[in-house]
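Student: Take this structure first; my questions come after.
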Amino acid sequence: MKKKKKLLIVEDEKNLCLLYREELTREGYKVIAVSDAETAVQQINKQPFDLIVTDIRMPVKNGIELITQIMALRKDIPIIINTAYQSYKHDFMTWAADAYIVKSASLDELKSKIKELIG
Amino acid sequence: MSQLRKDIISGRWVIIAAERGKRPDDFRPAPTEKKKEPAGFCPFCEGNESKTPREVYALRKNGTRPNKPGWLVRVVPNKFPALTRGMPPVQHEDGIFRWMDGVGVHEVVIETPDHDRELPDLPLYHIQQVLETYKKRVLSIEKEFQYKYVHVFKNKGREAGASLSHPHSQIVATPIIPKKVNEELYGCERLHRQHGECIICRIIRDETSEGERLILRNEHFCVMAPFAPRFPFEMRIYPLRHSAWYTCLTKVESLWLARTIKTTLGKLKVILSDPPFNFYIHQAPNPNLPHEGWANLRESFHWHLEIIPVLTRVAGFEWGTGFYINPVPPETAAGFMRSSS
């Protein structure tokens, strides 16, 4: 049996966290969802992930700081920025990510980007 | 008493409100206010080429491959651009409003593989290569007729809008001529008719003989504080040879421009303690397009580079009126710049 690809979702909005976990699990991925950057780093240190989806605006440490930290740990993990804001595109640190998605009611773009990056 | 001064080209008025005893030190940004960028990773550094889109131009060491280490200057499209390349956009009307698709080009010029070596700290030859790269990219983009204007600019420091400290500049091409450029084109054309010569050639002649606002002059360029600057230590670099387009720069001139930029930014760094700044080039619109409405563009416009240190904040008065209050007279700023070695 084919091994499930493992995703880490970093999202401080609890309902969105649940929605992503449910929808992406249904797509056949193994999903770990956390609500802050610190816990995300702990998870990355604990187990390997095939892809990380992170929000930017989060309390304590934002998504851009998290991405920088991930790059120091593992440069090769594909990262998707999933934010409600277009404005962070001006920040060139977002280039560390492989895709930048502006949140919408539909998860189609997120699902297709994940598929494109890791299958 | 303060003075109201008019910028003759744009028609903009500024208030020069000199403050007694102000020294350049007073405008240095407080170190505690400087925000640090997260350390550890930079997508522009050599070795991280895979994190950028594929390069559209690079000056490389012999034997190195595209999108791999071994470059001196590298140009890549913006990974997450606000405008995207496309067909000439159609203008739509929506009642009284107008809109078009966000067509444009947005490229990033990574000036050096060295994260910590700013533009004025680079050798002259290297700065010249950055300037030649601007020229090559502008000429290449201008072949696409949907882009009426190609804007080259640099933001240095967070307060000036730079999100990364790795030395870089940007090139943005738009399907419309920006309003500020239009104002300058119009002002230069009007003054050309009035004076019978390019107004910037006239400014250069008058200001280099007066000397009060002149910062430096060499064989091919001069640097001066404009008569009515919006901001403290605002400066202009003018080529002595009249030309409407930056892209007409010769190899000899680009070396002299490199020298001029190195000296000017170097002085700025010393007297204002490495302030955040913006610089941008103003040149005439895409020369491959017909310039309806601009009868004497070639004769009336004179390309130049504007440098704006970010030392003061633009607030309600400036936003609401278009007036700027500048606490440093340009004569004082030019004096400080001249005296710095």
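Student: With +1 assigned to the C-beta of every Lys and Arg and -1 to the C-beta of every Asp and Glu, and no other charges, what is the dipole magnitude of the stretch B:229-341 about the Cα centre in debye, to the nearest 20?
Tutor: It works out to roughly 420 debye.
Student: Which distance in Å, rounded to a whole number, links the C-alpha centroids of the stretch B:163-208 and the stretch A:55-119?
Tutor: 39
Student: Quick one: net charge of B:Gln146's neighbours, Cβ under 15 Å, K/R +1, D/E -1?
Tutor: Net of charged neighbours comes to 0.
Student: Averaged across orientations, what area in nm² does the convex hull of the alpha carbons in the stretch B:89-186 project?
Tutor: Its Cα hull, projected and averaged over all orientations, spans 8.5 nm².
Student: So which aspartates and glutamates pass the test for B:Lys148, namely a Cα distance under 17 Å, with those fewer than 8 places away in the same chain ruled out?
Tutor: Cross-link targets: B:Asp101, B:Glu107, B:Glu183, B:Glu184, B:Glu292.
Student: Just going by the charge dipole of the protein assembly as shown, with Lys and Arg at +1 and Asp and Glu at -1 on Cβ, which of B:Val130, B:Cys45, B:Val14 is farthest out on the positive end?
Tutor: B:Cys45
Student: Something else about it: Expressed as a whole number of Å, what is the distance separating the alpha-carbon centroids of the stretch A:1-45 and the stretch B:63-107?
Tutor: Going from one Cα centre to the other spans 33 Å.
Student: Another question, if that's okay. Please tell me which of these pairs span more than 28 angstrom C-alpha to C-alpha: A:Lys3/A:Lys113; A:Lys103/B:Lys68; A:Lys103/B:Lys154?
Tutor: The answer is A:Lys103/B:Lys68; A:Lys103/B:Lys154.
Student: Could you pull the Cα extents of the stretch A:43-119 along its three principal axes, largest to smallest, in whole Å?
Tutor: The Cα atoms of the stretch A:43-119 stretch 32, 30, 21 Å along the principal axes, largest first.
Student: Ok, one more. With N residues in the protein assembly as shown, what two-decimal value do you get for its Cα radius of gyration over 2.2 N^0.38 Å?
Tutor: 1.09
Student: Mind running the shape call on the stretch A:3-87? Use the C-alpha gyration tensor, a ≥ b ≥ c as the square roots of the eigenvalues: rounded below 1.5 for a/c, prolate if a/b tops b/c, oblate otherwise.
Tutor: Note, shape of the stretch A:3-87 comes out oblate.
Student: Give the aspartates and glutamates reachable from B:Lys267 as a straight Cα distance under 14 Å; neighbours fewer than 8 places away on the same chain don't count.
Tutor: Partners within reach: B:Asp25, B:Glu118, B:Asp121, B:Glu234.
Student: Moving on to the next point. Quick check on chain B: helices-only [θ] at 222 nm, where DSSP H runs of length 4 and up contribute -39,500 (n - 2.57) each and the sum goes over total residues. Nearest 500, please. The partial results should precede the final answer.
Tutor: Working: 7 runs with 88 residues, N = 341.
Computed mean residue ellipticity for chain B: -8000 deg cm²/dmol.
Student: Considering only the protein assembly as shown, what is the antiparallel percent among its DSSP beta bridges, to the nearest 5?
Tutor: Counting only bridges with both partners in the protein assembly as shown, antiparallel ones make up about 70 percent.
Student: To the nearest 20 debye, what charge dipole does the protein assembly as shown have about its Cα centre, counting +1 at the Cβ of each Lys and Arg and -1 at the Cβ of each Asp and Glu?
Tutor: Working: 67 positive and 56 negative charges, 198 e Å.
Using Cβ point charges on Lys, Arg, Asp and Glu, the protein assembly as shown gives about 960 debye.
Student: Same structure, new question: Going by the alpha-carbon gyration tensor, a ≥ b ≥ c the square roots of its eigenvalues, is chain B rounded (a/c under 1.5) or, if a/c is not under 1.5, prolate (a/b greater than b/c) versus oblate? Write down the numbers at each step before the final one.
Tutor: Numbers: a/c = 1.44, a/b = 1.13, b/c = 1.27.
Here chain B falls in the rounded category.
No value in this document is a laboratory result; all are computed from the given coordinates. Because the structure is predicted, anything quoted here is derived from the model rather than measured. Heads up, the Cβs are rebuilt from the backbone with ideal geometry, glycines too, and the neighbour counts pull from every protein chain shown.
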